[in-house]
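Presented below is the structure to which this report refers.
Just so it is clear, none of the values below were taken in a lab; they were calculated from the coordinates. Worth saying up front: this structure is predicted, and the values here are computed from it rather than measured. We place every Cβ from the backbone using ideal geometry, glycine too, and count neighbours over all the protein chains shown.
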Amino acid sequence: MLHLTLFSVFGLICVAGAVNLLLQRHPINSALSLVVVMGSLAVEYLLLGAEFVAAIQVIVYAGAIMVLFVFVIMLLNAGEEEHSQGSHVAWLLGIPGVLAVTVIICWALVRSEGTAVALGVTREASKAFGNAADISQLLFHQFLLPFEITSILVLIAIMGAVVLAAPPESVQETKREG
Amino acid sequence: MLSLSYYLVLSAILFACGVTGFLIKRNIITIFMSIELMLNGVNLSFVAFAAKWHALSGQVFVFFVMVVAAAEAAVGLAIIIAVFRTRQTLNIDQVNLLKL
């Protein structure tokens, strides 16, 4: 019962944040409602017994990535978005299409509920499931090579971001010096 | 206990909100945030399936998705800064040189 209450409350907050992201015209309001979505998703992860994922959801997503977003919005002084011809077409075609697809997917999911096994997150199971020790066992043994490759990916991304965001003059100067 | 389909429906709704935002928004940064919303919806279904099958690899995959999302956010925002520097706009309709 408590599980269902927590799921419904934070699920509603989550959906409300996502809808608010769509309705707001100013990017900074959208960014803040995205933080709400990510924070309540962390609670959903905790309900599923995934402690480590919930922690990095808050630290990496709601912390690091959203700070990056808010920083760029403030740096570029982004104002309210302007509507154009294209946006009307997108409203007219996009929303009914997305709604139809969502309703079909949800209908299929709910209909197949009879075959779906109930989630067995009992207290004993959640104690030994999804904590940092278990995940690191898996990450550093079975998934060691993908893990190392992601470190290279992050390194490349950092270098790419620095090169792309640097002013063009400074890049040319470095080329001349190099 | 809740069944899996509740979590999957929530995940589908979040993904649909992300797709809608991607289609109707005209600000590059907001479109980018919609992509993050879609990634979050997919992560939720990963974690739900991991809890259902008691397979931790689902949660490891969420970790990888987050790493890729962080890298994508860094590079994408740098591209947005570069676009803004050359064109002085964040409106996606005015960045249309590649259009036919």
Between A:Ile149 and A:Arg111, what is the spin-label point distance in nm, taking each point 7 Å from the Cα along the Cα→C-beta axis? 3.8 nm
Positive-pole candidate from A:Phe147, B:Leu100, A:Leu75, dipole of the protein assembly as shown, charges at beta carbon: B:Leu100
For chain B, the charge dipole (Cβ of Lys, Arg +1; Cβ of Asp, Glu -1; about the Cα centre) points to a positive end, and the Cα of B:Leu8, B:Ile79, B:Leu56 closest to that extreme belongs to B:Ile79
With n ≥ 4 as the cut-off for DSSP H runs, can you work out [θ] at 222 nm for the protein assembly as shown, using -39500 (n - 2.57) per run divided by the number of residues, rounded to the nearest 500? -25500 deg cm²/dmol
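Could you grab the relative contact order for the range A:1-79? Cα pairs under 8 Å, six or more apart, rounded to a whole percent. Walk me through the numbers on the way to the answer.
On the way: 65 pairs, mean separation 23.8, N = 79.
Value for the range A:1-79: 30 percent.
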Placing +1 at every Lys and Arg Cβ and -1 at every Asp and Glu Cβ, with all other atoms neutral, what dipole size does the protein assembly as shown have around its Cα centre, in debye to the nearest 20? 320 debye
In whole Hz, with x marking every Gly and Pro, tabulate ³J(HN,Hα) for the range B:3-10 from phi via Karplus 6.51 cos²θ - 1.76 cosθ + 1.60, θ = phi - 60°. 8, 4, 5, 4, 5, 5, 5, 4
In whole Hz, the Karplus estimates of ³J(HN,Hα) for the range B:94-100 (6.51, -1.76, 1.60; θ = phi - 60°; x where Gly or Pro) are 9, 9, 9, 5, 7, 6, 6
Pull out a ≥ b ≥ c, the square roots of the eigenvalues of the alpha-carbon gyration tensor of the range A:1-79, then state rounded if a/c is under 1.5, prolate if not and a/b is larger than b/c, and oblate in the remaining case. oblate
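Can you give the relative contact order of chain B as a percent, counting alpha carbon pairs under 8 Å and 6+ residues apart?
Numbers: 83 pairs, mean separation 27.4, N = 100.
Relative contact order here is 27 percent.
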Can you run phi through the Karplus equation (6.51, -1.76, 1.60; θ = phi - 60°) for the range A:102-111 and list ³J(HN,Hα) in whole Hz, with x for Gly and Pro? 4, 4, 5, 4, 5, 4, 5, 5, 5, 5
